[in-house]
1. I'm checking my understanding of the structure. Among residues of segment 326-345 that are touching a residue at least 60 places away in the same chain (Cβ under 8 Å) and not in a loop (DSSP other than H, G, I, E, B), which one is surrounded by the fewest Cβ atoms within 10 Å (Cβ to Cβ)?
2. Could you check how many residues of segment 652-681 are open to solvent by less than 20 Å² (accessible area, probe 1.4 Å) and out of contact with any helix residue (DSSP H, G or I) (no Cβ under 6 Å at 6 or more places or on another chain)?
3. If I go through segment 605-626 residue by residue, how many of them are among the charged types (D, E, K, R) and touching a Leu at 6+ places or on another chain (Cβ under 7 Å)?
4. Filter segment 382-440 for residues that are part of a loop (DSSP other than H, G, I, E, B), aromatic (F, W, Y) and touching a residue at least 24 places away in the same chain (Cβ under 8 Å) and give the result.
5. Output the residues belonging to segment 185-217 that are open to solvent by 30 Å² or more (accessible area, probe 1.4 Å) and under 28 Å from A243 (Cα atoms).
6. Name the residue that is least open to solvent (accessible area, probe 1.4 Å), counting only residues in segment 483-508 that are over 26 Å from P544 (Cβ atoms) and not β-branched (V, I, T).
7. Checking P450 against (1) open to solvent by less than 10 Å² (accessible area, probe 1.4 Å); (2) of a type outside the set (A, V, I, L, M); (3) closer than 30 Å to S689 by Cβ, which test does it fail?
Amino acid sequence: MNRRPLPLLSRRDRIRIAQVVIVTLLLVLAVPGKSFAGANLLSNPGLEVVDSTGFPVCWEQSGWGDSTHSYEVTHTAPHSGANAMKVTVSAITSGDRKALMLENPSCAPNVTPGHQYDVSAWYKSTTPNTVMTMFRHDVAQGWVYWTDLATLTTSTAWKKQTVRTPPVPANTDQVVWGVTIYGVGTLQTDDYAMVDATQAAPGTSCSAGPACTAGAWQVMPFNSPVRGIHAVVLKNGNVLLVAGSGNDPAAFAAGTFKTAVYSPRTGTFTAVPTPADLFCSGHVQLADGRVLIMGGNKDYPAADGSHGYKGLKDSYIFDPDTLGYTKVNDMSSGSWYPSATVMGNGDVISLGGLGEDSSGTVATQYFDSSEERWLSLNEANQSWSFWGLYPSMVLMQDGRLFYTGSHVFGNGLPGSGASIYDYGANTITPVTGLQNKDQRDQSMSVLLPPAQDQRVLTLGGGNIDSNPDANRLTDLIDLKQATPVYQPGPPLPGGTMTGGVPQTAAQGKMYVSAVLLPDGKVFETGGALHNRADPVYEASMFNPATNTFTPGMATDPVPRGYHSSAFLLPDGRVMAVGDNPGDGTFDMRISVYSPPYLFKGGRPQILSVAGDQWAYGTSKQITVDGPILKAALIRPEAVTHSSDPNQRYVDLPMTVTGTTIGLNLTSNPNLAPPGWYMLYVVGTNGVPSVAQWVQVK
């Protein structure tokens, strides 16, 4: 693939500049002797894995201008292994040729702004017209030229060139590089490496400093154009951000309702016309990847106290392909803060919230996905029970719903605070053991990895009516038991308050976000000590295999309290949006977290997938570039107000034949409700691939 000329300087101009400064550059950047023994961050650094065209995976044939040239993978006396890359230029008028790393999230190594990296390659060259060239991914501008690192002298024998980069510029998250040839001659390269030049932590191969164990946050250099009240990861990897009126009565009065779609790859936003005030609606992905949005805000509370918030009956489907809303029939009852749980047959059940008259909605509202309509009251089974606001309803493997006790606003429900709801039998069975049920307001509950284990973790919470200090409570439950009972879990780790003041031993947080990661852990982040006040800076990693938290993860520099969300991106990072303090302001900054696994080596590559349509109970073959530890499907998040009951991690048992892997999908749709999922594999270094999208049906 040919690369277009760079927009600011021609290749020849840049070479002239590089030749002027190259002596100084080498004096400053060359690394004598052995570089740090950190993890090699490159995928396929030895060029041994090739794609269907015969060219090395994660590398491309690049360049521009007018030349006579050829590329080949040579097997004649490579530096090591079986392959080396060979570029020959027999005539040239302008431009250059290079074998360059692919500019995509899967192949480009992740970097940390401010860090320096030792990069090296073995080479042979018949011409001195060569230079190591590096490009960087700017989160706002996309891929841009960064720097020329060093020229390579001619050599008939294999020779290693090692050079240290300048500090990575701000707003950079990935880089690619390669060796450019811009004169007549032949260049061969092999055995590339790139390591963080930060001193390696004792006893580890990671050389990224604190990020090796804590990960790292990056605040984007741009703001969201909408208040991120609701966030949905779409089937194409983009993020739907819905504000509606955004908790702004003036915007409501003006009819200013907002939606935007954010592209993490390009850092761009697309505004979407919004048909109603979808502020505090419910949402869930349908089987085809469209998003069902239900309810919202019919009115703000009256100044005279005659009514509170009122719920809309309106319902829409958002299409990621057309970036538009289509109205479906109204719900049977108004819904402000409704739940939304997808069932094993693809239908959706919505419970709770406030109705059109500000009273609690007691109707069970059922969306028939085959008919694309909400059933009427007399068509759906009715228990006439009030489930609170945003009640967290997790689909169990037998098709029943587990109400975890996580909710929004005030006390928990009467009784034990948690229960199992059987829609078919129209029964509600109390579940005991939930600690301090009346202070689990804006806690978060997640179905732990893997979904097959049927274990739920509930974290933190408070009470916005009595407004005590938020708590550190966690609870665990095994839903496979004949009579499931919550058991106390380990307390949430403590954090710091504004100014770095440490929390007391009893203080925890509400507005908790918990995100399932590809390696099977749960990243817990964000929160506040009180209702819309006192942000808590704390993040930890929960390991379901040991039921323990690892404290001390890097904390988001942006406060994330009320109306905040955190969610997994397809590239394995976590994005966070929103914060709405009691003074009515809203933090429009976007933060992205790179977990520790992104600093521990190159990513495994999924080279092929046997189709993106996966039927229940089947085995699907994939090919990979090396050994992997595990594979899983993760349902993309649709989160608001510390609630996404549909988040789940489905283990894929493997049948391994070399680099051909058979992945065995469950036959139970209650474990993996129909829809689009992110397919991840995790390498033996613990690093996950970038997700491939597959549709389960």
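1. In this case the residue turns out to be T341.
2. Number of matching residues: 14.
3. So the first thing to find is which residues in segment 605-626 are among the charged types (D, E, K, R), and the list is 612, 620, 625.
Retained after the next criterion (residues that are touching a Leu at 6+ places or on another chain (Cβ under 7 Å)): 620, 625.
Qualifying residue count for the region: 2.
4. First, pick out the residues of segment 382-440 that are part of a loop (DSSP other than H, G, I, E, B): 382-388, 390-392, 396-400, 404-406, 409-417, 423-426, 432-436, 440.
Now narrow it down to the ones that are aromatic (F, W, Y): 384, 386-387, 390, 409, 423.
Across segment 382-440, the qualifying residues are F386, W387, Y390, F409, Y423.
5. W217
6. Looking at the filtered set, the residue picked out is M497.
7. The single condition P450 does not satisfy is (1).
Okay, residues lined up against (1) assigned to a strand (DSSP E or B); (2) of a type in the set (V, I, T):
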| site | (1), (2) |
| --- | --- |
| L607 | yes, no |
| G611 | no, no |
| Y616 | no, no |
| T623 | yes, yes |
| G626 | no, no |
| A631 | yes, no |
| P636 | no, no |
| P645 | no, no |
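The values are calculated or read from the model by the stated rules, or taken from the named source; none is laboratory data. Remember, it's a predicted structure, so these values are computed and weren't measured experimentally. Quick reminder, even Gly has a Cβ in these numbers, built from the backbone with ideal geometry, and neighbours come from all protein chains shown. Ligands, DNA and RNA are stripped out before the accessible areas are found, and what is left, the full protein with its side chains, is counted by its heavy atoms. Shrake-Rupley method; radii C 1.70, N 1.55, O 1.52, S 1.80 Å.
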